[in-house]
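Written out below as structure tokens is the structure these notes cover.
The values are calculated or read from the model by the stated rules, or taken from the named source; none is laboratory data. Since the structure is predicted, the reported quantities are computational estimates derived from the model, not experimental observations. Cβ: placed from backbone, ideal geometry, glycine included. Neighbour counts: every protein chain shown. Areas reflect the complete protein model, heavy atoms only, side chains present, ligands, DNA and RNA absent. Shrake-Rupley method; radii C 1.70, N 1.55, O 1.52, S 1.80 Å.
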Amino acid sequence: MKNEEGFYYPHNLDFRGRAYPMHPYLNHLGSDLCRGILEFAEGRPLGKSGLRWLKIHLANLFACGVDKLSHEGRIAFTENHLDDIFDSADKPLEGKRWWLHAEDPFQCLAVCINLTEALRSSSPETCLSHIPIHQVYLINVIALCSYELLVDIVLKDYKASSSVEHSFTEIIGNGLREAEVLVR
């Protein structure tokens with residue numbers, strides 16, 4: 001499959017509208033190994049925001065309490081371990097094997113390789129990334145609010161829909177400014 005341009009996963013929807021891949025073994029909801037070897041067929045330039053999120057994502061994958069830090073704390077963790085990250089990317093089996101200490105080691109290794117490539121390039125923001133970065137909580141909040149808004153609009157319950165919209169605005173105001181970017 002390495003020489004293929006890409007492939008697609010057929011999905012089933014459950015009664016809640018959640019999509020699950022039909023292939024049981026190699027998919028994006030599978031084990032760490034599956035997630036570590038899968039990447040998007042079409043890469044996108046990281047940009048300044050993408051580079052920041054790649055660093056946060058690496059800290060989230062490493063876990064061991066690091067994933068509980070603030071975003072700035074996670075970025076600092078990643079920047080404090082750049083030597084380990086470069087070593088993991090350059091010599092994953094012969095080096096210090098720092099990536100094996102992560103809670104999700106194969107995904108961590110994939111991000112180490114991508115981050116190393118970006119940071120060593122002359123322009124990290126223009127480096128292409130094929131890594132999926134998970135932001136589950138924000139997506140769930142947006143999906144829930146969007147679903148409730150849709151139901152309220154279909155039922156023509158405008159009072160309820162404005163209430164959902166207001167509560168979503170409150171969530172954004174309480175520190176999830178990233179959600180605001182996704183909504184725009």
> So, with a 1.4 angstrom probe, what is the percent of accessible area on region 33-139 that is carbon and sulfur?
Replying inline: 56
>> If you count only protein heavy atoms with a 1.4 Å probe, what accessible area per residue comes out for region 8-90, rounded to a whole Å²?
In response: 62
>> Tell me the accessible surface of ARG18 in square angstrom (1.4 angstrom probe, heavy atoms of protein chains only), to the nearest ten.
In response: 130
> From the Cα gyration tensor of region 29-124, with a ≥ b ≥ c the square roots of its eigenvalues, which class applies: rounded if a/c is under 1.5, or else prolate if a/b is larger than b/c, or else oblate?
Replying inline: rounded
> At what distance in nm do the modelled label points of ASP32 and ASN12 sit from each other, each positioned 7 Å from its Cα along Cα→Cβ?
Replying inline: 2.9
>> Please list, in order, the residues from region 38-73 whose amide nitrogen is less than 11 Å from a point placed 7 Å along the Cα→Cβ vector of GLU125.
In response: 46-51
